[in-house]
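One structure below.
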Amino acid sequence: MTSETIRDPAGDHLLTPQNSAFIIIDYQPVQVNSIASMDRQLLVNNIAGAAKAAVAYGLPIVHSTVNVKTGLNKPPISQVSKVLRDYPTYDRTTINSWEDVEFRQAVEKTGRKKLIMTALWTEACLTFPALDALKEGYEVYVPIDAVGGTSVAAHEAALRRIEQAGGQMISVPQLFCELQRDWQRSATVPAFMNLFIETGGTAGIQFSYDKAD
């Protein structure tokens, strides 16, 4: 069995570490505690896993918070801040992060057109910048199991709106697999395994890994 030659990682139509950027917005205590569209602990596990994947695969990361400097809101939850402690945070007052100059410039500076976008809440702080990014020619990928809304209805309506505008829905496990793509890319296999273990998806991945040995 022979893997094909690695496709151009910058021009690949699928997500690669060389063509995508990770955007993470407002995973702060108030926002997390108001999520009603999925189990909150699962949400936290998944966003931490997605952030760890971005770090492990060397993606440019743009991290934004809202109203920390004004004192109206608290810093990100520890599970996120520990992962992203070496990355700058762009604090803002706008609900739509795309309307914050520093945030938008940070996205532009990544030089990437594929944006893996996560935020709380789905119906506001994710939808608004996603729609703006799509309008400006970016591709938006939303890990639906790492974002959440104030109700199931609000979350699902927001995802439909993003998808109708051209956004693509993915999952956290799909993100891991799409970035890794081949077991022969051995440098990132240990991180790949740990990501699945830490987010609870151990059984299937262990089988695949054993088969690859």
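Values as computed for the structure displayed
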read-out	value
Subset of segment 171-202 that is of a type in the set (Ser, Thr, Tyr) and in contact with a Phe, Trp or Tyr (Cβ under 9 Å, 6 or more places away or on another chain) - its residue that is modelled with the lowest pLDDT	202
Qualifying residue in segment 176-188 (condition: surrounded by fewer than 19 Cβ atoms within 10 Å (Cβ to Cβ), farther than 21 Å from residue 44 by Cβ, free of Cβ contacts under 8 Å to residues at least 60 places away in the same chain and among the acidic types (Asp, Glu))	no
Meets criteria (modelled with pLDDT of 95 or more, open to solvent by 10 Å² or more (accessible area, probe 1.4 Å) and either closer than 24 Å to residue 100 by Cβ or of a type outside the set (S, T, N, Q) (or both)) for residue 51	no
Enumeration of residues in segment 140-169 that are outside any helix (DSSP H, G or I) and either open to solvent by 70 Å² or more (accessible area, probe 1.4 Å) or closer than 15 Å to residue 51 by Cα (or both)	141, 142, 143, 147, 168
Members of segment 83-106 found to be out of contact with any helix residue (DSSP H, G or I) (no Cβ under 7 Å at 6 or more places or on another chain), surrounded by 15 or more Cβ atoms within 10 Å (Cβ to Cβ) and not small (Gly, Ala, Ser), listed by number	87, 89, 91, 94, 100
Only one of 74, 109 that is open to solvent by 40 Å² or more (accessible area, probe 1.4 Å), part of a helix (DSSP H, G or I) and of a type in the set (Lys, Arg)	109
Conditions (1) open to solvent by 30 Å² or more (accessible area, probe 1.4 Å); (2) within 21 Å of residue 179 (Cβ to Cβ); (3) polar (S, T, N, Q); number of the one not met by residue 46	(1)
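The values are calculated or read from the model by the stated rules, or taken from the named source; none is laboratory data. None of these values were measured; they are calculated from a predicted model. With ideal geometry, Cβ positions are generated from the backbone for all residues, glycine too; neighbour counts draw on all protein chains shown. Calculation scope for accessible area: heavy atoms of the full protein, side chains included, ligands and nucleic acids excluded. Shrake-Rupley method; radii C 1.70, N 1.55, O 1.52, S 1.80 Å.
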